[in-house]
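Please treat every number below as a calculation from the coordinates, not as lab data. Keep in mind that what you see is a predicted model, and the values were worked out from it rather than measured. Cβ: placed from backbone, ideal geometry, glycine included. Neighbour counts: every protein chain shown.
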Amino acid sequence: MLHRPTSHSAAIGPGPVPSLANPGPALEQQPRHAPQAPSCGSEAFCVDPQALSSSHPRQHTQYPYVTGTSVLGITFKDGVLLACDTLGAYGSTKRYKSFDRLRKVNDVCMVGASGELSDFQYIMRLLEELSDDDFCMDDGHHLKPAEVHSYLTRVLYNRRNKMDPLWNSLVVGGFHSGKPFLGTVGMIGTSYTDAHLATGFGNHLARPLMREKHHPDMSEEEAVALMHECLKVCYYRDKNSINKFQLAKVTKDGVSISEPFALETNWGFKLFQNPAANAVGTW
Amino acid sequence: MEPGGMAQHDFLSQPVSMGTTIMAASYDGGVVMGADSRTSTGTYIANRATDKITPLTDSIYICRSGSAADTQNLSRYVQWFLEQHGMELGDEPEVKTAAKLAQMMAYQNKNFLQAGLIVAGWDKHEGGSVYAIPLGGTLVKTPFTIGGSGSAYIYGLCDKLWRPNMTEEECRAFVVKAVSHAMARDGSSGGCIRTVTISKDGVKRTFTPGDQVPVAAGELPPPQRAVPAQV
Amino acid sequence: MSGIGTGYDLSTGTFSPDGRVFQTDYAQKAVDNSGTVVGIRCKDGVVLGAEKLIISKMLEQHSNRRTFPADRHAGMAVAGVAADGRSVVSRAMAEANQYKSIYGEAIPGHVLAERLGSFMHLFNLYGGYRPYGVSALLATYGKEGPQLYLVEPSGVTYRYFGTAVGKGRQGAKNEIEKLKLGEMSCREGIQAVAKILHQVHDEEKGFEMELAWVCEESGRHFQRVPQQLADEAEAAAKAALEAEDMDD
């Protein structure tokens, strides 16, 4: 096979080739990517000395601009549920209110993202490349949820090693060979799997509820109810959230992502109206 | 900064920046884009009649905010890519393609650019469409979007006034009103209001000179001559 | 120097005195000797079919593939040197992938065909290289509707309503001309292609038919025709041919 100018070359690491030019003719030799790289074409293990000679410290690490908040995931008897709101926040401005943060990877797997959404769009392109490749190989094989999870872990860890992290916490949900899969990856490549998961604030707000109420053989209805409860608590206590959610499900029948919906909230406590009723003079 | 004055001519050392109000909104059949005309270096207004709505192709335009230098050059690149792409395609490029190219430039160079962009236009596949490309290089397709420093003052107004399926005139009136309110509260936005309306029938521009911009609460309308001064 | 090339056929680096590049012509011959490959554009999609000669009884079924997806909405059937074909397909995949990365859209058929043409043409320019011994039929279904292209070893590209390459191309093309392609669905198309492949096949050895399509029914995805449909089409084609023989 010819060299393919795609992102999955060992030499340049994952990601689309940055050049906008058409791929050069196959006749041309591929140029070496860095002077200190080994001649076998693999990634250099040492730092580019040129980069060190600059008098300024290297600043790669950026700052997240458009962000998504917590993603929640739980397993149940027949599969996995993922849920999050549809907000793309710009600092503390609730800027984009219809951003899909749950995306299908293939028939057995989906990803939910919190953190920088431009990086998430880039990551989804990587996954799209992989599943397009699976399609083109046309051999009936496709990436399993655990493989997608492992791949994302490698990508995020690789980028943090370049001091240029992809600013995301991802949740991978899937269902394969009769078993649900639920895993997460952090922006520095930290990863684990569990029966219930959350990213960001959800770890503090939703997971206590999950620990209390989740059990792996719960029915879909129970799981959805638990998920709604968790989403509601996140909405009450996370300022970067809105009451517009999506719920995604993976079972043996494939991936389905719901239309956006809102949840009923409760502000009807008597003491909410007059918090100082029993303690006059207080705030 | 000395009180009430310019500290040490700070505009000599400040970057040329478009603290700006830009926006684009879709209506039944096309899009309206709007912008103020102020470009500042620090507190000095370097250009009071800037055109921040730049053509990418005949029927796709881009609203620029952030660094004038960055966004001008980025726009030129996208113009060039689209010209080449149009030739290979043998057809007019799509708005989505233009937005994707601008997004790619913004994303891949996010550490070196200060660019908040809105790409909008009309093509035969999708009709009118609006894409927002904020600072980090996220690409968001929306019915309408606002950007630049002035936009912070008009979120409420726009959420209130925007509705789907406006007519062209209604949409343009909405854009002018929104931009004028941003200019009324944001010191970095001001001057004139430009709009560009794009539909299957082509491109229309309007220009509202600074002395005819709607006046908001707390300000006075400038005295009008019987015959406006023309140079 | 003797023989047909008289010394001007040793590389693509040299023209013959009467203006031919013999290596290019020879590459075309490699295609002309190959199993027949047929493509037709129907009203709701494109059907590709390949005649795969069975070179050994010990060969596994479905091996030596001739049809390949290049993207979700595009795929190819190659005639000629199979290994060269794989390499061309690989390039097509890369082009489709790269186009999607840059423009965020599926590559249109004519762009992919032109780019493949340019790619294959390169190998007709340098002394040290030989042209691809492959003609590729390219089927796409994008915004512009279903389209069928042919890319030849010289780098020339054509767009067709229906065409054939390989050994039985002449007979196949005659048959295709009789079809009413504008009114034909892909379901009918696979049967027509199956019939044509059986008609033009004239060897002792058997052959395996490979059918692929991109159409409304496949969700505008390029895929091999489901085995059951392909078997039915083949059976119907055989029956139709036998009925015609009885008439003669």
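Note on A:GLU264 and C:LYS178: their simple-model spin labels are 7.1 nm apart, each label 7 Å out from Cα toward Cβ. Dipole check for the protein assembly as shown: with +1 at the C-beta of Lys and Arg, -1 at the C-beta of Asp and Glu, and the Cα centre as origin, the magnitude is about 2620 Debye. How would chain C be classified by its alpha-carbon gyration tensor: rounded, prolate or oblate, with rounded meaning a/c under 1.5 and the a/b versus b/c comparison settling the rest? Cα axes put chain C in the oblate bin. Residue-wise HN-Hα couplings along the range C:241-248, as the Karplus relation 6.51 cos²θ - 1.76 cosθ + 1.60 with θ = phi - 60° gives them from phi, are 5, 4, 4, 5, 4, 4, 5, 5 Hz; Gly and Pro carry x. Seen through its C-alpha gyration tensor, with square-root eigenvalues sorted a ≥ b ≥ c, the range A:66-257 comes out oblate because a/c lies at 1.5 or above while a/b is not bigger than b/c. In this simple spin-label model, placing a label point 7 Å from the Cα along the Cα-to-Cβ direction at both B:GLU219 and C:LYS143 gives a separation of 4.1 nm.
The angle between the Cα long axis of helix B:95-108 and the longest principal axis of the Cα atoms of chain B comes to about 70 degrees, rounded to the nearest 10. Amide H contacts of C:GLY162: C:ARG41, each under 5 Å away and 5 or more positions distant or on a separate chain (H built 1.01 Å from N in the peptide plane; Pro and chain starts excluded). Around the Cα centre of the range A:66-257, unit charges on the Cβ atoms of Lys, Arg, Asp and Glu (plus for the first two, minus for the last two) sum to a dipole of about 900 debye.
Using the Cβ of A:LEU127 as centre and a radius below 12 Å, the other residues enclosed give a net charge of -3, where K and R count +1 and D and E count -1.
Once the C-beta distance of C:GLU232 and C:GLN61 is scaled by a Förster radius of 25 Å, the resulting FRET efficiency is 0.90 to the nearest 0.05. Counting only Cα atoms, the size of the protein assembly as shown along its three principal axes is 104, 75, 61 Å, in decreasing order.
I want the local charge near A:TYR96. Using Cβ-Cβ distances under 12 Å, sum +1 for each Lys or Arg and -1 for each Asp or Glu among the other residues. Here the count lands on +4.
The label point for C:ALA82 and the one for A:GLU222, both projected 7 Å from the Cα toward the Cβ, are 5.4 nm apart. Can you classify the range B:1-152 as rounded, prolate or oblate using the Cα gyration tensor, where a ≥ b ≥ c are the square roots of its eigenvalues, rounded means a/c under 1.5, and otherwise it's prolate if a/b beats b/c and oblate if not? Taking the square roots of the gyration eigenvalues as a ≥ b ≥ c, the range B:1-152 is prolate. Excluding same-chain neighbours fewer than eight residues apart, the aspartates and glutamates reachable from B:LYS52 by a Cα-Cα span under 16 Å are B:ASP36, B:ASP70.
Under 18 Å of direct C-alpha separation, and excluding same-chain neighbours fewer than eight residues apart, C:LYS43 reaches these lysines: C:LYS143, C:LYS178, C:LYS180. Counting neighbouring Cβ atoms within 10 Å and putting the fewest first, the residues A:TYR151, A:TYR96 line up as A:TYR151, A:TYR96.
Straight-distance candidates among the lysines for linking to C:LYS205, with alpha-carbon spacing under 22 Å and chain neighbours fewer than 8 residues away dropped: C:LYS29, C:LYS52, C:LYS57, C:LYS167, C:LYS195, C:LYS238.
Averaging the sequence gap over all C-alpha pairs within less than 8 Å and six or more residues apart, then dividing by the number of residues, gives chain C a relative contact order of 28 percent. Each other residue within a Cβ distance under 14 Å of C:GLN199 adds +1 if Lys or Arg and -1 if Asp or Glu, for a net charge of -4.
Taking +1 at the Cβ of each Lys and Arg and -1 at the Cβ of each Asp and Glu, which of B:GLY30, C:GLY104, C:HIS201 sits farthest along the dipole of the protein assembly as shown towards its positive end, judged by Cα position relative to the Cα centre? Ranked along the dipole, the leading option is B:GLY30.
Shown is the FRET efficiency for C:SER16 and C:ARG159, computed with R0 = 30 Å from the Cβ-Cβ distance and rounded to the nearest 0.05: 0.50.
A Förster radius of 25 Å combined with the Cβ-Cβ distance from A:MET163 to A:LYS97 puts the calculated FRET efficiency at roughly 0.15. Ranked for footprinting exposure by Cβ neighbours inside 10 Å, fewest first, A:TYR65, C:TYR141 give A:TYR65, C:TYR141.
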